[in-house]
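> Following this message is one structure expressed as C-alpha cells.
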Amino acid sequence: MKIALIGATGFIGQHILTEALSRKHDITALVRDPSKLAAHAQVTPKALDSNNPAALTAALAGHDAAIISFHYLGVDFPALINAVKASGVKRFLVVGGAGSLEVAPGVRVIDTPDFPEEWKAVANAAIGFLDALRAEKSLDWVYVSPSAFIEPGQRTGKFRIGSEQLLVDEKGESRISNQDFAIAVIDELEQPQHRQQRFTVGY
C-alpha cells in the first residue's frame, strides 16, 4: 500500500512509520523538516505545510491512504478535509485524542475534574476535528483515539478495540503503548473495520 503519513516524526507518527515499514508499505513522510527522517528505501521524505490546502492536495494525490498525526491547534478543518477530498486519496485516518471519549453517559474525559488544564486547548482542537469529520458524508474517514495515557513501551500486539467509551484495565487504568497503538492504526488501514466513525485502543 502507498501511504502518505503527515507528522511522521511526531510522538505517535514515528511509531506508525516504523510499524508501516515493518509491513513493507511504501511511505511518503510529510513533515516540516525532512532532515529529521533517517534514510530508508521505502520512505520518500517531503516537506509540507499542512495549512496550505493546495500543497496538501498535491502531496496526497496518488496515495492509497493518508494518515495524519499531530496537534491540531489552529487547523482550518473544513479546508483540510476539502484538500484531502480533492486529492482523491481513498482512505483518511486521523490520530486524535482521548479527551472526547466518554467515562460515563454524557461525560467526556475532558469534562472530568482531573483533566490537566494545560492539555485542554490541544484536546479541544482534536475534538473539533472529530466534529468536522462527523459532518462529512463523502470522505472515507476514520478517527482513532488512544487511551488516556499513551507512551513508548512494548510492542505486544495484545490490546482491545473500543468505540466511544474510554477503555480501562482491571486496575482502572487507561493505557496503551505507542507501538501497540501503531499496530491498531495499520491494521485498520489494511483491513478496514470502521468507516466514518471513531474507535479507540487500550489494554
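> Per residue, what accessible area does region 22-95 have, given a 1.4 Å probe and all protein chains present, in Å²?
With the other protein chains kept in place, region 22-95 gives 49 Å² per residue.
> For region 100-203, build the convex hull from the C-alpha positions and give me its volume per residue in Å³.
So the per-residue Cα hull volume is 110 Å³.
> Add +1 for every Lys or Arg and -1 for every Asp or Glu among the other residues with Cβ under 15 Å from the Cβ of Thr156, and state the total.
Cβ neighbours under 15 Å give a net charge of -1.
> What are the semi-axes of the equivalent ellipsoid for the chain, taken as the square roots of 5 times the Cα gyration tensor eigenvalues, largest first, in whole Å?
Whole-Å semi-axes of the equivalent ellipsoid: 26, 20, 16.
> Oh, and also: How much solvent-accessible surface does Phe11 expose, in Å² to the nearest 10, with a 1.4 Å probe and all protein chains in place?
110
> What does the charge count around Pro192 come to, taking other residues whose C-beta lies under 11 Å from its C-beta (Lys +1, Arg +1, Asp -1, Glu -1)?
Net of charged neighbours comes to -1.
> Among Phe11, Val122, Val43, whose Cα lies farthest out toward the positive end of the dipole of region 1-125, if unit charges sit on the beta carbon of Lys, Arg (+1) and Asp, Glu (-1)?
Checked the options; the winner is Val43.
> Test of understanding: express the Cα radius of gyration of region 40-102 as a ratio to 2.2 N^0.38 Å, with N the residue count.
The reported ratio for this selection is 1.20.
> Counting Lys +1, Arg +1, Asp -1, Glu -1, what net charge surrounds Arg32 among other residues with beta carbon under 12 Å of its beta carbon?
Numbers: positive: Lys36, Lys46; negative: Asp33, Asp49.
Here the count lands on 0.
> Mean separation of Cα pairs under 8 Å and 6+ residues apart, divided by the residue count of region 1-112: what relative contact order is that in percent?
Values: 184 pairs, mean separation 27.3, N = 112.
Dividing the mean separation by the residue count of region 1-112 yields 24 percent.
> Distance between Cα centroids, region 148-173 to region 11-72: provide it in whole Å.
Region 148-173 and region 11-72 have Cα centres spaced 25 Å from each other.
The values are calculated or read from the model by the stated rules, or taken from the named source; none is laboratory data. Everything quoted here is computed from the prediction, not taken from an experiment. Note that each Cβ is placed from the backbone with ideal geometry, even for glycine, and that neighbours are counted across all protein chains shown. The accessibility values were calculated without ligands, DNA or RNA, using every heavy atom of the protein model including side chains. Shrake-Rupley method; radii C 1.70, N 1.55, O 1.52, S 1.80 Å.
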